[in-house]
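Participant: Take a look at the following structure, please.
The values are calculated or read from the model by the stated rules, or taken from the named source; none is laboratory data. Since the model is a prediction, treat every value here as computed from it, not as a measurement. Glycine gets a Cβ as well: all are built from the backbone with ideal geometry, and neighbour counts include every protein chain shown. Only protein heavy atoms, including side chains, enter the accessible area calculation; ligands, DNA and RNA are left aside. Shrake-Rupley method; radii C 1.70, N 1.55, O 1.52, S 1.80 Å.
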Amino acid sequence: MVKAMPTQYLTLRLRPVVSKIILSLASAALILSGSITANAAMQAESSDDWASSIFSTYGITIMLVLLLVGLFVYKRIRARKDAQEFANLRGRKRTQSSDKNYLAPARVDALEPSMLPERRQQQHLAGVQVWEKPVEPETAIYGAYRIDQEVSKLIVGKPHRMDVMSSRAPDDRRAIEASLIKALESSDTSDEGRRRARQALEEYGFVARQSATMLLGRDAWERSSAARTLGQIKSQSSLTSLIEALHDVDSVVRNQAVTSLGSLKMPAAIGALLDIARRHSDIPATLLSESLSACSVESLSFLDAPASEAASLSHPSANEPDDLERFDSFEDLPAGVDNTELAQVLSQLENADEPTRISLAQQLAMHPVQRSVSALTSIVINDPEPAVRSAAVASLGMIDHETVFAPVLIGLADESRIVRAAAARTLSSLHLDRADAYVRVMETADPDMLRRVASACVKTGIVAQAVDRLASEDRHQAYEAFSLFSLLARADETLPIIDAIENHRDEEVRLCAVRVLSMSGQTSVTSKLRELASHEDIPENVRTALLEALYKLDQDQSSSLDLPASDNEPVFLHNS
């Protein structure tokens, strides 16, 4: 019976239409017959039979009237039956279905037949509204041009429209993400602007979305694209997701995750990179080496770590007592001469195999004395096995004293990436003042060690990263960079300093580099300084500083020749 319901419903809809058609035809027939009867009556006036004339004139008319009355009565009866049948059909439908969208009237019999089609039409429209498809969100609300304007305001720190930046329209979301990444990669964006862009990418959910896509994307291209985007954003919050992506089933995604981890430049990724290198030999060695170097060398986040205020370069005399106090507060490690257990460990180092040397290097960390530091330093410089050198660097980090700073820097420039990785982890965990550590190395190290440390600083990129800090507004960063460049000058590693004087875009950095050479007392650079002073493209302020430095170096050279050896004592940087 349920299958027959649509046919019955259609029949009920067509019956009123058929009745109207029949009524119209009957009326037309009545009018036509009336006209014919009137014509017949006019033609029959001359007839002799009166009764026949009456029958021929009015008989047909009466019969037609009776026929119309019968049709009208039949229509009413049929309509009443249709209403009753429709009510019965609705009652059966209500008992067989629990759907409450169908609301039957209390008294169907009371409905007029003419109201049934209208009632059905209203119910049909109501059913369509119930199942109407939800309206999809607009693909764009503000547009790329408006979004680019608001992003530009955000980057420079001006007030911007939050409703524009938080738009959920798909096209707007894509435009916001693209505009923020474009600002990140632009050379015109300042460091503070890049920080705001990364913060916006995190706050508005773009980093989280790309991380989820990288881990849950359907195809390898989608996951690889998300990993590449995270590398462009360079947000530290994506580190965990990128490390997890190293274990993706597709090699393309794994390689892109390795590259993006190198872009983050976080030493925390070194362990995962080394582990994935052992698990998957298909990762290109050059790609892995570049990422490891970026995380262990180029990152060097320890340079940005907060530290206490140090002496101001512009007013050295005002800060001299503080520098002396800090220098005097340094405590040397115990010598460890009477430690029999340490002596036994050191005696076993000479003829031990690689696993034994690793174990002995780890045991030396339990003896924070000068003899342990000396032995571990010798291992870092001379041991042929990278695993042993790596263990020695880790043990130096566990001792955590200013005297381990030099060998750790040397390990940072090691040819083996596992040693560089261990040195990067150790260097970021040391608790010392780096500016004072550079000064102590410069004053206490022998010439060979001094040259090794200076060469390591140049090779690893520490010098290239510190050159811009010579003119920093942060007094401690400027003092630390000045100490490092003074170490280079003392080790006669002057090429980076000369390059800064000749080519750096900031005139203040050039002047600071000239001052470093002027205070170093290295007369070997006088010929190069004279050559620089003769260049036509050198700014006048820099030329004047070069001439003053040359005069001071000439005076120092003359004084060192005239004065007796007892009076020719070096002037320490922290006292300058």
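Participant: Would the stretch 522-530 turn up any residue that is at pLDDT 90 or above, part of a helix (DSSP H, G or I) and open to solvent by 70 Å² or more (accessible area, probe 1.4 Å)?
Facilitator: No, the stretch 522-530 has no match at all.
Participant: Continuing with the same structure: Considering only the stretch 536-567, state which residues are at pLDDT below 85, open to solvent by less than 80 Å² (accessible area, probe 1.4 Å) and either assigned to a loop (DSSP other than H, G, I, E, B) or in contact with a strand residue (DSSP E or B) (Cβ under 6 Å, 6 or more places away or on another chain) (or both).
Facilitator: Scanning the stretch 536-567 gives a single hit, P564.
Participant: Which count do you get for residues in the stretch 159-196 that are of a type outside the set (S, T, Y) and over 17 Å from A144 (Cβ atoms)?
Facilitator: 11
Participant: Would you mind finding the one in D282, D275 that is acidic (D, E) and at pLDDT 85 or above? I'd like the intermediate steps shown before the answer.
Facilitator: On the way: D275 fails: at pLDDT 85 or above.
Testing whether each residue is acidic (D, E) and at pLDDT 85 or above leaves just D282.
Participant: Go through the stretch 503-521 and give me each residue that's open to solvent by less than 60 Å² (accessible area, probe 1.4 Å) and assigned to a helix (DSSP H, G or I).
Facilitator: Listed by number, the residues that qualify are V509, R510, L511, C512, A513, V514, V516, L517, S518, S520.
Participant: Got a number for residues in the stretch 472-502 being part of a loop (DSSP other than H, G, I, E, B) and either within 34 Å of the chain's Cα centre (by Cα) or at positive phi (or both)?
Facilitator: Going through the stretch 472-502 one residue at a time, the tally reaches 4.
Participant: How many residues are open to solvent by less than 70 Å² (accessible area, probe 1.4 Å) and touching a residue at least 12 places away in the same chain (Cβ under 8 Å) if we restrict to the stretch 344-362?
Facilitator: Qualifying residue count, the stretch 344-362: 8.
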